[in-house]
Amino acid sequence: MGKIILTGDRPTGRLHVGHYVGSLKRRVELQDSGEFDEIYIMIADAQALTDNADNPEKVRQNIIEVALDYLACGLDPAKSVLFIQSQIPELCEMTFYYMDLVTVSRLQRNPTVKSEIQMRNFEASIPVGFFTYPISQAADITAFKATTVPVGEDQAPMIEQTREIVHKFNSVYGDTLVEPDILLPDNKACLRLPGIDGKAKMSKSLGNCIYLSDTEAEVKKKIMSMFTDPNHLRVEDPGQVEGNPVFIYLDAFCRDGHFAEYLPDYKNLDELKAHYMRGGLGDVKVKKFLNNVLQDELRPIRERRKEIAQDIPAVYQILEEGSRKAKAKAAETLAEMKRAMKINYFEDKELIAEQAERFRSETD
């Protein structure tokens, strides 16, 4: 069996640096490694509609934003299949069958679902589609027989639920589906990048993001306004680096070479942290350094995005072709599932012949 990747993003806005360090950058590395036989990257518009059903235009408009971010970051349609979730109807049918294998109480215990419901104030009125999206996500993953799912740490409970569904299906109907493995970022700082306001998670809905497509001026403005150690009031005060968003971002993006270019007073990040902790280093100086580091990372992405955006019809063509390939793959898996479940009535010639013989013998 080949090694296959499935991953994706909800098109509820442009992608931000949390997406980039959490999974996007890694996807490009995995794509270019030659280690995987197939790579599927999904724009999860159907999933986005579970909590945006009253605003479909928002989802519709952001399809192209996410596609541009994908291509600008280096995802290559010659190596990866880029597709739109809603264009693969087989995923809906698979979700329907998986619903029979999961209890309501199990969904209620899913930590990701619980936190997302809380964040969206859905406690009193949860849309069924939103409540059951771990099942939909299981369909997305298993439709392509993904062996590997590169995601952020917050998605680990979702992958675990997929594995449970696969195990249940295979135990009831026979070995058909593949249990996926989660692939987390190597850099611990990338597991969950905080928002610029210091909140635990960078989120489009919270408005605390640095977007991949932000202008140089917008990036700088956001960095200079970032939350730091609230007790580091004066330059001479000792500062806290643990839990400090500025230093978490430096952990995620900074390399030793950045110091030689932008902050030659220090050899590496450890030296900078030590100075900050003992006092005598101001937040402004550290933020200016972070700005240089982040601009280095984002500049080529921003420039590629601008160039690709000159031919939007070509981007839609990439998505259409990718969706066609993804549909063919999902159809193969669904056909295997229906054979295993014995609901492939019209292609089961043995069943038809057997029933014909039974009714002939009853009338003789």
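The values are calculated or read from the model by the stated rules, or taken from the named source; none is laboratory data. Computed from a prediction, not measured in an experiment: that's the story for all the values here. Backbone-built Cβ (ideal geometry, glycine too); neighbour counts: all protein chains shown. Remember, those area values only see protein heavy atoms, side chains included, never the ligands or the DNA or RNA. Shrake-Rupley method; radii C 1.70, N 1.55, O 1.52, S 1.80 Å.
How many percent of DSSP beta bridges within the chain run antiparallel, rounded to 5?
Around 5 percent antiparallel, to the nearest 5.
For Rg and Dmax of the Cα atoms in Å, one of [x] 26.4, 90; [y] 22.5, 68; [z] 24.0, 101 was computed from the structure I shared and the rest are decoys. Which label?
[z]
Put +1 on the Cβ of every Lys and Arg and -1 on every Asp and Glu Cβ in segment 118-173; which of 126, 150, 138 then has its Cα farthest towards the positive end of the dipole?
Farthest towards the positive end: 138.
Using label points projected 7 Å from each Cα along Cα→Cβ, tell me how many nm separate residue 331 and residue 164, to one decimal.
Those two pseudo-labels are separated by 3.4 nm.
Please report the accessible area of residue 225 (heavy atoms, 1.4 Å probe, ligands and nucleic acids excluded) in Å², nearest 10.
Accessible surface of residue 225 is approximately 80 Å².
How much of the accessible area of the chain, probe 1.4 Å, is carbon plus sulfur, in whole percent?
Whole-percent figure for carbon plus sulfur exposure: 51.
Give the accessible surface of the chain per residue, rounded to a whole number of Å², with probe radius 1.4 Å and ligands, DNA and RNA excluded.
49 Å²
Ignoring ligands, DNA and RNA, how do 116, 242 rank by accessible area with a 1.4 Å probe, largest first?
Final ranking, largest accessible area leading: 242, 116.
Show the residues, 5+ positions off or on another chain, whose built amide H is closer than 5 Å to the amide H of residue 279.
Here the answer is 239, since their amide H atoms fall under 5 Å of that of residue 279.
Residue-wise, which Karplus ³J(HN,Hα) couplings in Hz belong to segment 241-246, taking 6.51 cos²θ - 1.76 cosθ + 1.60, θ = phi - 60°, and x for glycine or proline?
With coefficients 6.51, -1.76 and 1.60, one gets 9, 5, x, 8, x, 4 Hz.
Taking the Cα centre of segment 216-341 as origin and charging only Cβ (+1 Lys, Arg; -1 Asp, Glu), how large is the dipole, in debye to the nearest 20?
The dipole magnitude comes to about 560 debye.
State to the nearest 20 debye the size of the charge dipole of the chain about its Cα centre, where the only charges are +1 on K and R beta carbons and -1 on D and E beta carbons.
My answer is approximately 840 debye.
Could you tell me what a quarter of the Cα convex hull surface of segment 172-300 works out to, in nm² with one decimal place?
Here the figure is 11.3 nm², rounded to one decimal.
Please tell me which of these pairs span more than 25 angstrom C-alpha to C-alpha: 199/285; 204/267; 3/329?
Result: 204/267 exceed 25 Å.
Which of the three applies to segment 64-214, rounded, prolate or oblate, going by the alpha-carbon gyration tensor with a ≥ b ≥ c and a/c under 1.5 meaning rounded?
Taking the square roots of the gyration eigenvalues as a ≥ b ≥ c, segment 64-214 is oblate.
Could you order peptides 9-15, 353-359, 165-171 by the average number of other Cβ atoms within 10 Å of their residues, highest first?
9-15, 165-171, 353-359
How large is the convex hull of the C-alpha atoms of segment 238-364 per residue, in Å³?
195 Å³
Would you work out the charge dipole size for segment 12-148 about its Cα centre, treating the Cβ of every Lys and Arg as +1 and the Cβ of every Asp and Glu as -1, and quote it to the nearest 20 debye?
Using only the charged Cβ atoms, the result is roughly 380 debye.
In segment 266-343, if the dipole is taken from +1 on Lys/Arg beta carbons and -1 on Asp/Glu beta carbons about the Cα centre, which of 290, 326, 277 is farthest to the positive end?
Farthest towards the positive end: 326.
In degrees from 0 to 90, rounded to the nearest 10, what is the angle of the helix 269-278 Cα long axis to the longest principal axis of the chain?
Its long axis makes an angle of about 60 degrees.
Report, by chain and number, residues whose modeled amide H sits under 5 Å from the one on residue 39, excluding near sequence neighbours (fewer than 5 apart, same chain).
The list, which skips near neighbours in sequence, is 5, 81.
Once you have all Cα-Cα distances for segment 262-308, histogram them in 10 Å bins from zero and send the whole-percent values.
23, 42, 20, 12, 2
Protein chains only, probe 1.4 Å: how do 266, 70 rank by accessible area, largest first?
Sorted by accessible area, descending: 266, 70.
To the nearest 10 degrees, how steeply does helix 156-173 sit against the main Cα axis of the chain, on a 0 to 90 scale?
For helix 156-173, the angle is close to 10 degrees.
Could you tell me which of 337, 230, 49 has its Cα farthest along the dipole of the chain towards the positive end, charges placed at Cβ (Lys, Arg +1; Asp, Glu -1), taken about the Cα centre?
Farthest along the dipole direction, towards plus: 230.
In nm, to one decimal, how far is the modelled label at residue 179 from the one at residue 274, with both set 7 Å along Cα→Cβ?
4.6 nm
Based on the mean of other Cβ atoms within 10 Å per residue, sort peptides 304-316, 323-335 so the most packed one is first.
My ranking of the peptides, most packed first, is 323-335, 304-316.
Let a ≥ b ≥ c be the square roots of the eigenvalues of the Cα gyration tensor of segment 34-135; is it rounded (a/c under 1.5), or, if not, prolate (a/b larger than b/c) or oblate?
Since a/c reaches 1.5 and a/b is larger than b/c, the shape of segment 34-135 is classed as prolate.
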